[in-house]
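Working notes, beginning with the structure itself.
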Amino acid sequence: MLRRVILLSLLAFVVGGGVASAQTFSARRMAMGGVILASGGAGSSGANVAYRAVPEAPSSRWALPLPIGLVQLLADPPEFDTDSPDFNIYELANLLYNPPWNAQLSSPAVPSNDITIEIGKDHLAVDLGDVKKIFPEDQSQMGAVVNGPALGFDIKRFFLSAAPLVYYDNDLSFNDNLRGAINGGEFLQNTRYEMRDQGVGLAAVGAHLGWAAPLMETGDPRDKGTGFYAGARLKLMRGLAYASADNSVGFTTGATLFGSELDANYERHTLTTGPEGGGLGRGLDLGAVWMAGGAEVGLGINDIGTTFNWSVEETWADDDPDTEDIVKKDVDVTSRVPTTVVANAAKRLGRFLVAGDIVRGIHVTTVHLGAETWLNKTLAVRAGAGRDANALLQYSMGSGLRFGNLGVDLAIASNSRNLSRERGLELGAGLAFYH
């Protein structure tokens, strides 16, 4: 039982200890610190629906990100055979937290699988080795709401599109005794060890019905004019998958560490379903953008009242040796997607474009700052910085080359999207088509 409890604790850390920061696919945005681009650049309308109404800037462009990281992955793929001595589950987990779209210039060492357990008379010590790096010092919380790319068409001020939505949230906590024991201490007699893991996740796809228009516009808002733009996006979605889990593990050692006095229990409450149990979901996004004299300020409030109805299988499991009871039944539940808020601002100062944003997500608030200038008609220089979901300051830089209607964007940026929460360096690239 004690060994099982230890393994459950380690597994929960691996599954629930990821990071919440997302990868930036636009090389221009990546070079500018991940900031929401001004004037409705790539990714702007997803964060603020009002940007659909902002008039296109001179020399507008659309971008095509290049998956250069896939070449690197194919040249040196990870080991998938669990029987191979080179197999490392943490290397595969890092691919989930940091998809191989961008090329990795330098990455933190992947934790090894080596874990040493010392057992003696009334003595138990666990040495996690490199795996210790994946453990946060405080409570581990991660979560995100990801609205995928929308595909559709416009009809004057209205639009219709289709897009996926993914939401996940996980809260993992240990009591001080367990945290100390698995971080280099020992398991002691007459001591209570506890772990609790609460998580929820869902996936859905549906239609976006929206409107975006100028409420006021005088002159050119990028020069001496003024413009105020607003938008609303109604989401009508169909749930594809839902899972919710509340797990708790606890044990109390007796006067003899390995004696029969060990009091252990494992309780689990889950709600799960696939497409067959997915019901309808609905939500609302609102946005506004104000522009005047080359400056702009935007505010996007997304997933207002976003809820889903589900028909799920509910499971109660009690792993107490005295009961070992499992109860299952079908129930109807309603889930809610948290509201996220994005505030951004940008200003053109001579030949420089300076932009910044604050994103209030789930558990974390991230900040991004970036700047761009064109040295001539061919070469652009960009730089940026930001505070990520792990509260680390990250840096970036890059450039853009333009040859007529065709351009190339390159970016180098640091990040901490890995199990170790240490800085890595990546290279992003993309094509730009100007019109």
Practice item. Output the residue which, of all residues in the range 22-31 that are surrounded by 23 or more Cβ atoms within 10 Å (Cβ to Cβ) and either out of contact with any helix residue (DSSP H, G or I) (no Cβ under 9 Å at 6 or more places or on another chain) or at pLDDT 85 or above (or both), is nearest to Arg61 (Cα to Cα). Key: Arg28
Review point. With respect to the numbered conditions (1) touching a residue at least 12 places away in the same chain (Cβ under 8 Å); (2) surrounded by fewer than 14 Cβ atoms within 10 Å (Cβ to Cβ), which one is the sole condition not fulfilled by Gly350?
Key: (1)
Exercise for review: Any residue in the range 389-418 that's without any contact (Cβ under 8 Å) to a residue 60 or more places away in the chain: show its pairings with residues that are in a loop (DSSP other than H, G, I, E, B) and surrounded by 18 or more Cβ atoms within 10 Å (Cβ to Cβ) at Cβ separation under 6 Å, as long as the two are six or more apart or on different chains.
Suggested key: Leu392/Ser416; Ser414/Arg423
Check your understanding: Among the residues of the range 251-270, is there at least one that is at pLDDT 85 or above, over 23 Å from the mean Cα position of the chain (by Cα) and within 25 Å of Ala343 (Cβ to Cβ)?
Key -> no
Review point. Quick check, is Val333 crowded, with 21+ Cβ neighbours inside 10 Å, in contact (Cβ under 8 Å) with a residue 40 or more places away in the chain and touching a Phe, Trp or Tyr at 6+ places or on another chain (Cβ under 7 Å)?
Key: no
Review point. How about the range 121-240: which strands (runs of 3 or more DSSP E) wholly inside it have at least 2 residues that are aromatic (Phe, Trp, Tyr), within 24 Å of Thr334 (Cα to Cα) and modelled with pLDDT of 80 or more?
Key: 158-174
Practice item. Kindly provide the set of residues from the range 234-259 that are surrounded by 21 or more Cβ atoms within 10 Å (Cβ to Cβ) and closer than 23 Å to Gly143 by Cα, ordered by number. Key: Lys235, Met237, Gly239, Tyr242, Val249
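The values are calculated or read from the model by the stated rules, or taken from the named source; none is laboratory data. Not measured: the values here are computed from a predicted model. Note that each Cβ is placed from the backbone with ideal geometry, even for glycine, and that neighbours are counted across all protein chains shown.
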